[in-house]
Amino acid sequence: MTSKATLKARYIANLQATYPFYVEGSRPLQLANEAADAALAGTLKLKGECWDKALKECGLPKGITLKALAGLEAGQ
């Protein structure tokens, strides 16, 4: 089963590979991390190619519910 940490890492990696301004220490990267944490807590619905790609890479459906995201294991 995919962990929250794995999904978040894939999402951030996809953002960094797609957009040059998601660099370490940048405000956009900080906001992306906060958004991913909120999505994985089940309080924010993320959308977009990078999120959809991360879900697919982790074997999760594009239409996964917030409740299902919140229920993923924390991981490492």
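The values are calculated or read from the model by the stated rules, or taken from the named source; none is laboratory data. Because the structure is a prediction, the values reported are computed rather than measured. Virtual Cβ from ideal backbone geometry, glycine too; neighbours counted across all protein chains shown.
Of everything in segment 52-69, what is closer than 17 Å to Arg10 by Cα and assigned to a helix (DSSP H, G or I)? Give them in sequence order.
Those that are closer than 17 Å to Arg10 by Cα and assigned to a helix (DSSP H, G or I): Asp52, Lys53, Ala54, Leu55, Lys56, Glu57, Leu69.
Answer with yes or no whether Leu29 is in a helix (DSSP H, G or I) and modelled with pLDDT of 95 or more. Full working, then the answer.
Details: in a helix (DSSP H, G or I): yes; modelled with pLDDT of 95 or more: yes.
Judged against the criteria, Leu29 is a match.
Across segment 17-72, which residue is surrounded by the most Cβ atoms within 10 Å (Cβ to Cβ) among those that are of a type in the set (Val, Ile, Thr) and farther than 15 Å from Lys4 by Cα?
So the residue we want is Thr18.
Can you name every residue in segment 29-64 that is under 10 Å from the mean Cα position of the chain (by Cα) and among the acidic types (Asp, Glu)?
Of the residues in segment 29-64, the ones under 10 Å from the mean Cα position of the chain (by Cα) are 32-40, 46-47, 50-55.
Result: Glu34, Asp37, Asp52.
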